[in-house]
Structures are given as C-alpha cells and as structure tokens.
Amino acid sequence: MRKLIFEMRMALLFLLLVSFLASCREAQETKEFTIGFSQCTEGDAWRKAMHKEMAREASFHPELSLQIKDAKNSNATQIKQIREFINQKVDLLIVSPNESEPISGVVEEAFEKGIPVILVDRKINSSSYSAYVGADNFQIGKLAGDYVVNLLKGKGKVIEVWGLEGSSPAIERHKGFLEAVHKFPQVQVVAQVKGEWEKEIAKDRFPAVFKEHQDADLVFAHNDVMALGSFESLNGFEAQSKLKFIGFDALGGPNGGLQLVEDGILDATFLYPTGGEEIIQLAYNILHNRPFKKENILNTTVIDERNVHILKQQTNKIISQEENINRQQNKINEQIKIYNNQRTLLYILVFSLTVIIVLGAYALYSLKVRHETNRALIAKNREILQQRNEIAEMAKKAEKANEAKLKFFTNVSHEFRTPLTLILGPVEDALQSNISLGLKKDMLLVRQNALRLLKLVNQLMDFRKVERKKMRLQATENELVKFVEDVVQSFERLAKKRHIQLKVISRLKEINVYFDKDKVDKILFNLLSNSFKFTKENGRVTLLIELSDDRNHVLVTVEDNGKGMTPVQVANAFDRFYTAEDNASLGTGLGLALSKEFIKLHHGEISVVSKEREGTRFTFSLPLGKEHLKEEEIVQETTKAGQNAPLMAGVLDADLELHTGSLAQEDSPTVKEHTILVIEDNKELREFLVSRLTADFNVVDAPQGSFGLQQAFDIIPDLIICDVNLPQKNGLEITSALKNDVRTSHIPVILLTAKDSLEHKIDGIQAGADLYVTKPFSFLYLLERVKGLIRNRDLLKVYYNSAISVDTKTQTAQPKQLDKKFINEVAALVDKNLQNPDLSANDIAAGLGMSRVHVYRKMKALLGYSLNDYIVNTRLKKARHLLLNSQMNISEIAYEVGFSSPAYFSTAFKNHFNMSPSEFKASRPGKEKTQV
C-alpha cells in the first residue's frame with residue numbers, strides 16, 4: 001500500500017512538471033498562417049524577381065508560411081493546383097492566372113468557400129476575389145502607344161509581339177496601345193507575333209512574320225524577353241540595327257530590361273513592378289483583419305536612354321541593399337536557432353534534474369523493498385536448483401533408456417536382413433517359374449510384404465545413422481527433372497490400377513542440382529507412397545518442379561486431393577514414431593521424420609500444408625550451386641553430355657511460356673530508348689525472343705540472313721542478336737559484313753548457336769561477334785548480357801566525346817577500328833572546312849561518301865548528338881583556343897572559325913561558355929601580368 005501511494009505521488013509530480021513546461025512552450029507559440037501561391041509560370045526573370053521580393057518580405061513575418069506551385073503555362077495544371085490548395089484548406093490563396101477565362105471558375109470556387117483570394121498581375125473574368133495587385137496594363141499600353149507615336153514622329157509601321165492571348169495583361173496592353181495609336185492613322189500595326197511571354201518562342205516565330213513586313217519600323221513586344229528574342233532572331237541581318245525595339249518589365253540585373261536599354265538592344269522599356277512586397281503586406285493585413293484596398297495599382301514609367309543610367313544605378317543599389325538584408329536576416333535566423341537550442345537544452349536540463357531527483361527517491365525506496373524480496377528469492381532459488389537437478393537426472397535416465405531401445409531396434413534390424421534375403425531369393429525364383437495362378441498370387445503377396453519389411457528395416461538403419469551423426473551426404477551434380485520423372489515412373493502402374501491421375505509438371509525443361517541420388521530417391525518415394533496411401537480411386541497426385549522466388553533454390557511439390565490432415569496431424573507430421581490415432585493404416589511414423597533429416601543434410605527445408613477432405617501438399621527445397629556443401633560432401637562423377645548447360649535451358653518450354661507470356665503483355669507501356677534486331681529462322685524461338693525483349697527494348701525481327709542484314713543497314717539498331725545457321729547468309733557472314741561496314745561497325749552482335757565446340761566459338765569471335773551463346777541458354781543470362789553490351793556502348797560515347805580535340809587530324813585506322821576511323825574522318829573534314837560559314841551536315845556526308853541519314857545515325861550512336869551540333873562545338877572550342885593562344889581580335893577569330901558575323905559569334909560563345917568572348921579574353925591566365 002505504501003509503495004502504491006509513493007508511486008502515485010511521484011507520477012503526480014512528473015505530470016505537474018510536464019504541464020508547466022508545455023504551458024511555457026505554448027505561451028511562446030503564435031498562430032501560423034499558410035499561404036498558397038498558384039504561379040502561372042516560374043520560367044521568366046520577372047516572376048523570379050517577384051518570388052525573391054515575396055520571400056524577403058515574408059521573412060519579416062515568421063507566422064506566414066508561403067507555398068508556391070508552378071503551373072508551367074498550363075491551365076489544367078493551374079486548376080489542379082488551386083484545387084489542391086482548396087483541399088489543403090490554406091488560410092489565403094494568391095493566384096497569378098495563366099489565362100483569365102479558364103481560371104475564373106476555380107478561383108470563384110475558392111472565394112465562395114471562404115478563402116481570401118489575391119490576384120497578382122493578371123485578372124479573371126469575375127469580381128469574386130478579395131484584392132488585386134498589379135499595374136494598370138491598359139494605361140501602360142496607352143503610355144507605350146504615346147511613346148511610340150512620338151518616337152516614330154507620327155508615322156511608321158509596327159510589329160506587335162503578343163504575350164499569351166488569353167491573359168489579361170496581354171489583352172489590356174494591346175487595347176491601350178491601339179487606343180493611343182488610332183489617333184495617328186499613319187502609325188499602323190501591320191503584323192502580330194504570338195510570343196506567349198517566352199523569349200525562345202518569339203525568337204522562333206518572329207523571322208517568318210518579319211519576312212512579310214521587312215519595311216517595319218518598330219517592334220512593340222509585351223515584355224522585354226520577347227523583345228530580346230525578336231532582336232536576336234535577326235542576327236546577321238542589316239534590319240537588326242534599323243528596327244526599333246520596345247518592351248515591358250524593366251528588371252534590373254545583367255539580363256534585365258534596364259541592361260538591354262543601356263546596351264542599345266532596346267530603345268525603351270516600361271517599368272512593370274513585380275509587387276512582391278505589396279502582395280505579402282496585403283496578405284498580412286487580410287489575415288490579421290486589418291483594413292485593405294481591393295484594387296492595388298502599381299505605378300509605372302518609361303525608361304529609355306535619357307533616364308536608364310540613373311534607374312540602373314538605383315536598381316543596383318537596391319539589389320545590393322537586398323543582399324545586405326538577406327545576410328542580416330540569415331544572421332538573425334542563426335541567432336534565433338542558437339537561442340532555441342539553448343532554451344531547449346535548458347528545458348532538458350531542468351527535466352533531467354527533476355527525473356534524477358524522482359529516480360533517486362524511488363531508488364532508495366526500491367532498495368529497501370528489494371532487500372526484503374532477495375531473502376524470499378534466495379529460498380525460492382534453492383528449491384528451483386534442487387528441482388532442476390532432479391529433472392536433469394531423470395533426463396539422463398530417459399536418454400539412456402531411449403538409446404537402449406534404439407540400439408535394440410538396430411540390432412534386430414540387422415538380424416532381419418539375412419532372413420529377408422533368404423525369403424526374397426526363393427520367391428523371385430518361384431515367380432520366374434511356371435506355377436499356378438493361385439500360387440503366383442501368394443508369392444507376389446509374400447514378395448510385396450518382404451520388400452515392405454526390408455524398407456522399414458532400411459529406414460530404421462538410416463534413422464539410427466542420422467541419430468549418431470554418421471549419415472554422410474554424397475552429392476553429385478545431376479539433372480533433377482529427369483531424375484524426378486524416373487522416380488515417378490515406378491508409380492505409374494499403381495496409378496493406372498487405382499485410376500489415379502499421376503503427372504509431373506515442370507516449369508523448367510532441365511536444371512542441374514547437387515544432391516544425393518539415394519536420399520532424394522527415398523524422400524520422393526516416401527512422399528509419393530503417402531499420397532497414394534491416402535488418395536482414393538479416381539483421385540489425383542501431382543508433382544511440381546519450379547524455382548523459388550529468389551531463384552536460389554529449386555522447389556519440388558507433391559500434392560494430392562486425398563483425405564487430408566487435421567491441424568494436430570500437420571503440427572506433428574515430422575515427429576519420429578508419430579502416427580495419427582484415427583489412421584486406418586498404422587505406420588511406423590519414421591518416413592516423414594527421416595525425409596526431413598535427409599533434407600537438412602542437403603541444407604534445404606520441407607513443409608506441409610493440408611486441409612481435411614481437401615488434400616495435402618508437401619514441398620521441399622534444394623539449394624542451387626555447391627557453395628553450401630563441404631568438400632567431403634561432394635562426389636566427383638564423369639560429366640554427362642548436356643550437364644553443363646545453363647539453368648532454365650528449357651525456357652522455351654510451352655508451359656513456361658503459358659505462365660509468363662501473359663505477364664509480359666500486361667506490363668504498362670514505357671518509353672524504350674534502344675532498338676534490338678533479332679535475326680532467327682526458327683519461328684518459335686524468334687517469337688519468344690521478341691516477346692521477352694519487348695518488355696525493355698524496341699524489337700525488330702527478320703526470318704533470314706539477307707533480309708536481316710538489310711534491316712541492320714536501314715534502321716541502325718543498338719544491338720543485333722543473330723543465329724549462326726541461317727538461310728541465304730549465315731550468322732558469321734552477317735557479322736563480318738556488319739563489322740566491316742562503317743555504318744554498322746559500332747553495333748554489338750550476339751551469336752546464337754547449338755555448336756558449343758571451342759573451334760566454333762573461335763570462328764564467331766574472329767568474325768567480330770561481341771558474345772557467343774550456345775543453345776540451350778538462359779534467357780535471364782542473355783538479357784543481362786544484352787543490357788551490359790548496350791551499357792558499354794553508352795560508355796563509349798563518353799570516351800569518344802572526351803577523346804576528340806579541336807584540331808584532330810586524320811589518322812590511319814587499325815583493323816577493326818572503323819568507329820575511330822569514322823570519327824577521325826569527320827573531325828578532319830570539319831577542321832579542314834572550319835572557316836567556311838556555310839559548312840553543313842550535307843557537305844560532311846558528301847565528303848564521307850555516305851547518306852546524311854546514315855551519318856546522323858552514326859554520330860548519334862557514337863557521340864550522342866548531331867553533326868551540326870558537333871560543327872558548332874568545334875568552332876567554339878577552336879575559338880576558345882585562339883582566344884587563349886593568339887593575338888587575334890574577336891572579329892578576326894569569329895571569321896577564322898567560320899561564324900558569319902562577330903555578333904552571332906559573341907552570342908553563341910556566351911550561350912556555350914556563360915561569358916562573352918571579351919570577358920573570357922580578359923580573364924585568361926597571364927593577362928594582368930601583361931598589362932603591368
């Protein structure tokens with residue numbers, strides 16, 4: 001009772017302490033708000049700048065958690081993401097619609113469910129939103145129109161580059177621009193380009209429109225990046241310098257609109273603020289129930305050569321201040337983290353001290369109780385030791401008695417052998433002589449029972465050997481399927497007599513296993529005998545041979561539809577001398593126990609599953625290979641023909657095809673990168689390989705040699721599987737033709753043949769085959785080798801890419817090095833014609849004497865990219881070399897390496913090396929020393 005009261009007090013003290021700490025923690029916590037932002041795209045610099053501003057402003061409000069999802073210019077994706085935010089039950093939703101009409105419905109749905117909605121940059125076709133943040137796009141468009149009229153002095157032709165047609169900024173900027181220029185009839189919008197807010201799209205579509213309106217005076221783009229894309233699309237054309245370009249956004253930074261105006265690429269841009277700070281401030285006011293405006297219009301202005309320098313300096317200063325703020329914020333976060341860690345450590349120390357005090361008091365109390373308990377335990381322990389000694393003595397006596405009984409049975413068994421021999425000898429002689437039918441029947445009965453008695457004697461002897469650990473395994477490598485079929489044949493006569501259906505089902509045509517023939521024979525004989533014993537006439541006994549799921553064991557199952565077993569009988573099935581009480585035909589109970597011991601010797605397992613009146617299924621496993629066996633357990637035998645064949649040599653067996661074929665067809669379709677050509681005249685084998693390989697590759701098949709060779713030249717596959725014995729052209733001829741043709745010399749070839757002699761393998765390798773596989777073969781082995789060869793071919797691409805330098809010359813190709821010869825010839829032709837700006841893939845193909853298609857496929861197979869890409873890369877690498885090692889200026893280098901203009905060269909060089917030629921030349925080693 002006292003102990004209970006003490007423990008209750010300690011528990012109460014502990015609960016009070018935990019409640020105190022929890023209340024302190026909760027007092028410091030504040031309510032957190034989740035804000036979901038569905039952004040139409042994160043792909044442009046303007047929106048990235050918006051995200052930076054939002055993140056910076058949100059850092060001043062730790063209770064605000066901002067989640068941004070990118071719709072990637074897809075209405076369907078944005079609708080799905082907004083619904084995800086609705087289901088997430090965010091506290092506030094920010095939406096920048098991709099297009100107004102499609103997004104209106106789901107925004108209204110969020111607003112009607114009570115979620116505040118802030119629209120950013122773009123509006124929807126509804127008033128169901130809480131607030132809008134953005135510039136007045138109509139007024140910006142109108143301002144741009146007035147500026148264009150003044151710039152063109154009231155007369156000129158304009159090409160308008162649109163944003164996404166369904167988005168509100170594009171529509172409103174267009175309307176404002178038209179309202180301004182309609183007052184001046186001589187200012188005409190002659191064409192429109194659908195740029196969809198993207199630089200590359202505008203760059204791709206602008207030239208086609210410009211060709212039809214080459215007399216245009218100005219390009220009016222809905223943002224700066226589309227204006228830049230239109231400008232770059234005219235590289236090398238005189239019109240690039242004559243046209244005027246105007247855009248929107250006026251972002252800072254190295255690639256922003258301010259820089260483009262300063263560089264003279266754009267004549268003007270119009271400030272379109274991102275509003276990142278205003279968005280977070282507005283969200284904060286809404287979530288904290290503070291007053292806010294529904295329409296928050298951001299100011300704008302025109303930026304051209306008159307004010308760009310001042311604004312760029314201001315922008316750079318702002319960017320610098322933003323970086324300082326971010327650094328300060330990081331420092332603050334670090335200090336907060338340190339403070340939180342120290343506070344947590346203090347809580348842990350206080351809690352630990354309290355726990356130590358409580359445990360100390362409890363330990364003192366427990367020590368007193370334990371002292372009293374030990375006295376009782378000592379007395380109890382003495383009593384238990386005395387009982388244990390008595391039990392050990394009884395166990396020794398029982399073991400001696402059991403040993404005596406086994407020894408008696410063993411001796412008796414030995415004595416039985418001689419009489420049985422004397423009985424069976426005359427009986428066999430009598431059965432061979434002419435005796436009456438009645439006497440012959442009696443002799444058969446005597447012989448049957450004598451053999452049964454001999455079997456029991458042998459079982460008892462074997463069991464005795466197992467008990468004394470004198471039973472030794474004598475394993476040899478044998479073909480298991482044939483062995484099982486031979487054992488089953490001895491039961492066929494009994495099966496016919498009793499009208500029992502007996503069959504062997506093997507999912508493997510053949511499989512080599514290390515096992516002791518004698519012991520496995522006894523195991524199978526015992527299991528089959530039990531099945532026939534308990535199966536009625538017209539019943540069924542089936543043997544199934546298959547691989548385990550891990551493919552490291554072979555499983556043999558003996559199943560019947562007999563009377564079955566009770567749960568008690570299943571639990572004791574492998575106990576020695578156990579027989580069921582209701583068993584009409586009482587046995588010794590040794591058979592299954594001995595079978596289990598034999599399986600253990602093989603390092604396998606045996607199990608039973610049974611239900612009353614439904615049948616019984618025994619399954620035993622044998623490990624594959626011989627690593628699990630000791631050296632003395634393996635007996636060497638003369639190797640038989642076919643014994644060394646790979647596992648699953650019967651993979652074409654109809655039964656296996658029945659079980660696995662449908663599975664392969666049900667696999668979901670996947671994108672397959674590589675193509676395999678199968679040349680095989682045997683229809684069944686060809687269809688089998690195609691059906692299996694289709695799961696991982698694109699597969700093309702050919703029934704004979706000539707057609708297969710033509711297929712190889714037409715499709716240029718990644719790998720070829722070819723039979724040796726083919727009509728018209730054999731596999732060796734095909735392989736030699738492929739390896740000696742520059743178009744196909746890089747393709748790995750696998751030869752299939754039934755000839756496994758060393759001479760035939762050497763012939764295949766000399767013909768150029770990459771792998772020589774003999775039939776019957778393992779499909780799994782073939783599949784892994786196919787994957788390995790393709791993987792190695794991919795590694796060669798890396799090698800060829802790294803091995804080619806800019807100034808590679810033609811080299812003499814060694815025999816069977818056609819791939820290297822091909823690369824060297826291409827490199828030499830490109831190097832020779834590098835100064836020619838009109839050099840194309842067609843010129844290189846003509847120089848090689850090959851078709852353009854074959855050259856393209858060969859380059860893609862060996863290097864992973866096209867010939868045109870290789871030419872451009874070679875020009876740029878050569879230019880880099882000249883910048884580092886020559887005194888030529890940039891224009892001279894541009895024409896030296898084959899670029900049509902220095903401007904185009906500068907753009908290409910910057911895209912490839914992430915810096916302009918002038919920047920690269922200024923940063924080369926030794927530059928500073930030279931200046932000094």
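Just one of the numbered conditions (1) surrounded by fewer than 19 Cβ atoms within 10 Å (Cβ to Cβ); (2) small (G, A, S); (3) touching a residue at least 60 places away in the same chain (Cβ under 8 Å) is not true of S126; which one?
For S126, the exception is condition (3).
Looking at region 197-214, which of its residues are crowded, with 19+ Cβ neighbours inside 10 Å and either within 19 Å of G154 (Cα to Cα) or of a type outside the set (A, V, I, L, M) (or both)?
Of everything in region 197-214, those that are crowded, with 19+ Cβ neighbours inside 10 Å and either within 19 Å of G154 (Cα to Cα) or of a type outside the set (A, V, I, L, M) (or both) turn out to be W197, E198, K199, K203, R205, F206, F210.
Find the residue count for region 734-764, including only residues that are among the charged types (D, E, K, R) and either under 25 Å from V853 (Cβ atoms) or within 35 Å of the chain's Cα centre (by Cα) (or both).
Of the residues in that region, 3 qualify.
On the basis of being out of contact with any Phe, Trp or Tyr (no Cβ under 6 Å at 6 or more places or on another chain), of a type in the set (D, E) and at pLDDT below 75, does D831 make the cut?
So D831 does not fit the description; no.
For region 484-532, give me the residue count where each residue is of a type in the set (D, E, K, R), free of Cβ contacts under 8 Å to residues at least 60 places away in the same chain and in a helix (DSSP H, G or I).
9
Mind listing whichever residues of region 294-341 are part of a loop (DSSP other than H, G, I, E, B) and over 30 Å from S127 (Cβ atoms)?
Passing the criteria: E305, R306, N307.
Given the criteria over 30 Å from R692 (Cα atoms) and modelled with pLDDT under 80, does L590 qualify?
Here the answer is yes, as L590 does meet what is asked.
Tell me, yes or no, whether region 633-650 has at least one residue that is of a type in the set (K, R), in contact with a Phe, Trp or Tyr (Cβ under 6 Å, 6 or more places away or on another chain) and at pLDDT below 85.
no
Within region 145-172, which residues are of a type in the set (V, I, T) and in a helix (DSSP H, G or I)?
Correct list: V148, V149, I171.
Please list, ordered by first then second residue, the pairs with beta carbon atoms under 6 Å, 6 or more apart or interchain, first in region 701-713 and free of Cβ contacts under 8 Å to residues at least 60 places away in the same chain, second charged (D, E, K, R) and surrounded by 15 or more Cβ atoms within 10 Å (Cβ to Cβ).
Sorted first by the residue in region 701-713, then by its partner, the pairs are D701/R686; P703/D681; Q704/D681; G705/K729; S706/K729.
Collect the residues in region 490-513 that are of a type outside the set (G, A, S) and farther than 20 Å from L624 by Cβ, keeping them in residue-number order.
Answer for region 490-513, where residues must be of a type outside the set (G, A, S) and farther than 20 Å from L624 by Cβ: F491, E492, R493, L494, K496, K497, R498, H499, I500, Q501, L502, K503.
Would you pick out the residues in region 534-564 that are in contact with a strand residue (DSSP E or B) (Cβ under 7 Å, 6 or more places away or on another chain) and among the charged types (D, E, K, R)?
The answer is R540, E546, E559, D560.
Restricting to region 270-313, name every residue that is at positive phi and surrounded by 12 or more Cβ atoms within 10 Å (Cβ to Cβ).
Result: G275, single match.
Taking only pairs six or more apart or across chains, which ones have beta-carbon atoms under 7 Å, a first residue in region 662-691 that is in the same structural domain as I750 (by TED's automatic domain parsing), and a second residue that is modelled with pLDDT under 80?
From residues that are in the same structural domain as I750 (by TED's automatic domain parsing), the pairs are E684/L652; L685/L652; F688/L652; F688/E657; S691/G661; S691/A664.
Looking at V568, V481 in this structure, which one is surrounded by fewer than 18 Cβ atoms within 10 Å (Cβ to Cβ) and part of a helix (DSSP H, G or I)?
Just a single option satisfies the conditions, and that option is V568.
Across region 879-902, what is the number of residues that are farther than 18 Å from D838 by Cβ and surrounded by 16 or more Cβ atoms within 10 Å (Cβ to Cβ)?
The number of residues fulfilling the criteria is 5.
Any residue at all in region 177-196 that is farther than 22 Å from D217 by Cβ, in the same structural domain as D217 (by TED's automatic domain parsing) and either touching a residue at least 12 places away in the same chain (Cβ under 8 Å) or buried (at least 20 other Cβ atoms within 10 Å of the Cβ) (or both)?
yes
Residue-by-condition table, conditions (1) closer than 30 Å to R613 by Cβ; (2) modelled with pLDDT under 85; (3) assigned by TED's automatic domain parsing to the domain that holds P623:
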| position | (1), (2), (3) |
| --- | --- |
| R464 | no, yes, no |
| V484 | yes, no, yes |
| V504 | yes, no, yes |
| I511 | no, no, yes |
| S529 | yes, no, yes |
| N552 | no, no, yes |
| N561 | yes, no, yes |
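If I filter region 511-533 down to residues being hydroxyl-bearing (S, T, Y) and touching a strand residue (DSSP E or B) at 6+ places or on another chain (Cβ under 7 Å), which single residue comes out as farthest from L555 (Cα to Cα)?
S531
Would a scan of region 771-780 turn up a residue that is at pLDDT 85 or above, surrounded by fewer than 22 Cβ atoms within 10 Å (Cβ to Cβ) and outside the structural domain of E510 (by TED's automatic domain parsing)?
Yes, some residue in region 771-780 is at pLDDT 85 or above, surrounded by fewer than 22 Cβ atoms within 10 Å (Cβ to Cβ) and outside the structural domain of E510 (by TED's automatic domain parsing).
Can you tell me which residues in region 87-100 are surrounded by 17 or more Cβ atoms within 10 Å (Cβ to Cβ) and either at pLDDT 90 or above or polar (S, T, N, Q) (or both)?
Correct list: V90, D91, L92, L93, I94, V95, S96, P97, N98, S100.
Look at L876 and say whether it is modelled with pLDDT under 80 and surrounded by 14 or more Cβ atoms within 10 Å (Cβ to Cβ).
no
Output the residues belonging to region 162-172 that are touching a Phe, Trp or Tyr at 6+ places or on another chain (Cβ under 7 Å) and closer than 24 Å to A208 by Cβ.
Within region 162-172, G163, L164, A170 qualify.
With the requirement that a residue be of a type in the set (S, T, N, Q) and assigned to a loop (DSSP other than H, G, I, E, B), what does region 430-460 give you?
S433, N434, S436
Going by what's in this entry, would F515 be described as among the aromatic types (F, W, Y) and closer than 17 Å to I606 by Cα?
yes
The values are calculated or read from the model by the stated rules, or taken from the named source; none is laboratory data. Since the structure is predicted, the reported quantities are computational estimates derived from the model, not experimental observations. Counting neighbours? That spans all protein chains shown, and the Cβs are built from the backbone with ideal geometry, glycine included.
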